[in-house]
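Before I ask anything, here is the structure I am working with.
The values are calculated or read from the model by the stated rules, or taken from the named source; none is laboratory data. Predicted, not measured: the structure shown is a model, and the values here were computed from it. Positions of Cβ are backbone-derived with ideal geometry, glycine not excepted, and every protein chain shown enters the neighbour counts. In case anyone asks, the SASA skips ligands and DNA or RNA and just uses the protein heavy atoms, side chains included. Shrake-Rupley method; radii C 1.70, N 1.55, O 1.52, S 1.80 Å.
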Amino acid sequence: MDLKSEKIQRVLSKYKFHDVAIEELEKINRVYPGMVASTGTYTFTDSTQKDLLKLIGNLPVKYEGRSYNFPIQLWLLDSFPFTPPICLLRPTPNMVIREGKHVDARGRLFLPGLHNWDYPKSSVAGLLNEMTAKFEEEPPLSTRAAGDKDPHELLAFVSNLQINDGVIRHH
């Protein structure tokens with residue numbers, strides 16, 4: 001995990017607990033070296049936006065004797081590590097989000113570790129371990145069936161239909 005890049009340093013400089021955040025990121029890198037730090041603009045539900053750090057990677061999970069890699073993304077708020085990350089699934093085009101106890105339709109994760117976050121008892125490494133355990137019980141993603149269409153593709157197709165004189169044409 002390269003924490004020395006100019007972009008990451010620029011965003012990290014705005015974090016309230018800069019030094020503690022760097023320590024935590026270094027710990028994450030030691031335990032989960034496949035997690036990649038980058039920057040991005042996060043849009044909150046009230047439409048406000050903020051430049052934040054995010055961790056992107058694949059979480060290895062065993063389910064029914066097979067190994068899977070679930071793509072995830074963790075947005076680290078500027079009060080990290082004293083506030084929990086915003087955790088999301090990042091399904092590939094051939095994956096479908098399976099809503100459940102810990103996942104909503106948009107792929108946002110809701111876990112006890114997030115709800116009960118209490119730094120320094122709580123950590124991203126611990127959260128990733130919790131995700132692995134929950135995903136092994138109830139996988140949040142599945143493979144899209146061959147005939148399934150992405151709902152966005154279907155909506156785009158329908159929006160391009162024109163009905164004239166009872167004849168349907170696609171543009």
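Between residue 105 and residue 36, what is the FRET efficiency for a Förster distance of 25 Å, r being their Cβ-Cβ separation, to the nearest 0.05?
With R0 = 25 Å, the Cβ-Cβ based efficiency is 0.45.
Measuring with a 1.4 Å probe in the full set of protein chains, what accessible area per residue, in whole Å², belongs to the range 1-111?
I get 57 Å² per residue for this part.
Between their Cα atoms, which of 27/50; 16/101; 27/54 are more than 23 Å away from each other?
Beyond 23 Å: 27/50; 16/101.
Just to confirm a number: summing +1 for Lys and Arg and -1 for Asp and Glu over residues other than residue 132 whose beta-carbon lies under 14 angstrom from that of residue 132, what do you get?
Once all neighbours under 14 Å are counted, the net charge is -2.
Modelled label-to-label distance, residue 145 and residue 50, 7 Å Cα→beta-carbon offset: nm?
Here the answer is 4.2 nm between the modelled labels.
Tell me whether the range 15-115 comes out rounded, prolate or oblate; compute the Cα gyration tensor, take square roots of the eigenvalues as a ≥ b ≥ c, and use a/c under 1.5 as the rounded threshold.
oblate
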